[in-house]
Every structure is written in C-alpha cells, then in structure tokens.
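The values are calculated or read from the model by the stated rules, or taken from the named source; none is laboratory data. If you're wondering where the values come from, they're calculated on a predicted model, not measured in any experiment. For neighbour counting, all protein chains shown are included, and Cβ atoms are generated from backbone atoms with ideal geometry for every residue, glycine included. Ligands, DNA and RNA are excluded from the accessible area calculation, which covers all protein heavy atoms including side chains. Shrake-Rupley method; radii C 1.70, N 1.55, O 1.52, S 1.80 Å.
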Amino acid sequence: MSRLSDYFQTDWQAMTTNDWIGTILTVVVFLLMVGAYFYVFRPKNREKLEAMKHIPFEEDNENTGDPHGRK
C-alpha cells in the first residue's frame, strides 16, 4: 500500500491551460461560497434576509391581466 501523500502530489509543470483554468475556477468558486456562507449565517444580516424570504412566492402584478393586452 502506498503512502497517503502519494495521492495528493501534483506535477505543476505538466498542467495544461485547461488544468489551470479548472484549478483557478475551483478556488474562486470555493472562496465565493465561503463568503456567501459567512454573509448568510451572520446574525447581523438576519433581519434583512428574513424580510426577503417570501419574494420567490409573491405574484407578479404585471402579468395578472389578459395575455393579449386587453382589459
């Protein structure tokens, strides 16, 4: 059986452009998710987020009439 560190070795010189883009994109998305989690779970922002929790369930007032524009 090999050592655990053998699984995590990276040959940085052999990485292609697509490998670098994927690595950078993964790190950026991870940092954005960590930032979003800190924003959402911060107690200071609770009132603001609680006020917006029903927005997806509200009806749009613009689309309540006839679809052909008649009244």
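Some observations on this one:
- With protein chains left intact and a 1.4 Å probe, residues in the range 11-53 average 95 Å² of accessible area per residue.
- Heavy-atom accessible area for Thr16, with the other protein chains in place and a 1.4 Å probe, reaches approximately 70 Å².
- Take the Cβ atoms of Tyr7 and Met52, set R0 to 25 Å, and the FRET efficiency comes out at 0.05.
- Spacing of the modelled spin labels on Val27 and Phe41, each 7 Å from Cα toward Cβ, amounts to 2.4 nm.
- In the context of the full protein assembly, Val27 retains an accessible surface of approximately 80 Å², using a probe radius of 1.4 Å and ignoring ligands and nucleic acids.
- Largest to smallest in accessible area, the residues Met52, Met15 fall in the order Met52, Met15 (1.4 Å probe, all protein chains included).
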